[in-house]
Every structure is written in C-alpha cells, then in structure tokens.
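Remarks on the structure that follows.
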Amino acid sequence: MSVMMGLRITGDPARIEQALNSDPERLKRIAQRARDAGCIHHRFFANEAGGEVLVVDEWPDAESFLRFFEDGTDIGEMMGEAGVSERPTPVFWRELDTPDKF
C-alpha cells in the first residue's frame, strides 16, 4: 500500500511559488525524475495564514521518496532561491482501512 508524504516548507508562499515557476523546464525535469522514482501524485499547497507551503505526494513507500529527495541537488537550489533556510523534514502517512472512506 502506498504512503502519503507531507513536507512542510517554512517560507513565504509567494516567493516559493515564484521560485518554482521561474524555470518551468527545471521543474518539469524534477517532476519527471520523481515519476521515474515512483511518485504517484504530487501537489503544492500554501497555508492560508501564510508562512509555509505543504508538499503532498503519494509514493509507493517512504524509501522511494527519501532516495529521490536525497539525490535532488536541484531541489535544494530551488529552495535556496525561494529563501527557504530550514531543511524540511518529510512525514509519512499510511491509510487506515475504515468503513467511511470515499
């Protein structure tokens, strides 16, 4: 069963979004590398209160994400351009089997 990965990034959401969009080809290369590493779904979300962005991915397992993330010097460069100074820590979530899911 796959896992959901949440990565909270402290920083200005507008600046992070600007850095992400500053080089669309770089972002497409990173996204393709993620797909090749097993990523199933990927999205960025801005906190409505400001001050952080949440990356939400679905991966086959935590190890697949960790290998991808550790190999990503381009990810670190982009975070630097966005003014991110704290290294974000991924948190992994597994789905619970409950009768109310839809």
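Could you please let me know if residue 91 is in contact with a Lys or Arg (Cβ under 6 Å, 6 or more places away or on another chain), touching a residue at least 40 places away in the same chain (Cβ under 8 Å), aliphatic (A, V, I, L, M) and part of a strand (DSSP E or B)?
Answer is no for this residue.
To keep it simple, each residue is scored yes or no on (1) surrounded by 14 or more Cβ atoms within 10 Å (Cβ to Cβ); (2) in contact (Cβ under 8 Å) with a residue 40 or more places away in the chain.
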{"position": "8", "(1), (2)": "yes, yes"}
{"position": "28", "(1), (2)": "no, no"}
{"position": "32", "(1), (2)": "no, no"}
{"position": "38", "(1), (2)": "yes, no"}
{"position": "86", "(1), (2)": "no, yes"}
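So, in segment 70-84, of the ones that are of a type outside the set (D, E, K, R) and touching a residue at least 24 places away in the same chain (Cβ under 8 Å), which residue ends up surrounded by the fewest Cβ atoms within 10 Å (Cβ to Cβ)?
Ranking the qualifying residues of segment 70-84, first place goes to 83.
Name every residue in segment 50-92 that is more than 19 Å from residue 19 (Cα to Cα), out of contact with any Phe, Trp or Tyr (no Cβ under 6 Å at 6 or more places or on another chain), at pLDDT 95 or above and not acidic (Asp, Glu), in order of residue number.
Matches in segment 50-92: 60, 64, 66, 67, 68, 90, 91, 92.
For the structure I just gave you, tell me whether residue 50 is at positive phi and touching a strand residue (DSSP E or B) at 6+ places or on another chain (Cβ under 9 Å).
Taking the combined requirement at face value, the residue does not satisfy it.
Quick grid of which residues meet (1) out of contact with any Pro (no Cβ under 9 Å at 6 or more places or on another chain); (2) at pLDDT 95 or above; (3) basic (Lys, Arg); (4) in a helix (DSSP H, G or I):
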residue: 6; (1), (2), (3), (4): no, yes, no, no
residue: 9; (1), (2), (3), (4): no, yes, no, no
residue: 18; (1), (2), (3), (4): yes, yes, no, yes
residue: 35; (1), (2), (3), (4): yes, yes, yes, yes
residue: 42; (1), (2), (3), (4): yes, yes, no, no
residue: 48; (1), (2), (3), (4): yes, yes, no, no
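Among the residues of segment 72-87 satisfying the criterion of being touching a helix residue (DSSP H, G or I) at 6+ places or on another chain (Cβ under 8 Å) and part of a loop (DSSP other than H, G, I, E, B), which is farthest from residue 46 (Cα to Cα)?
Out of the qualifying residues, it is 72.
The values are calculated or read from the model by the stated rules, or taken from the named source; none is laboratory data. In this text the structure is predicted, and so the values were computed from the model without any measurement. Cβ atoms come from the backbone with ideal geometry, glycine included; neighbour counts cover every protein chain shown.
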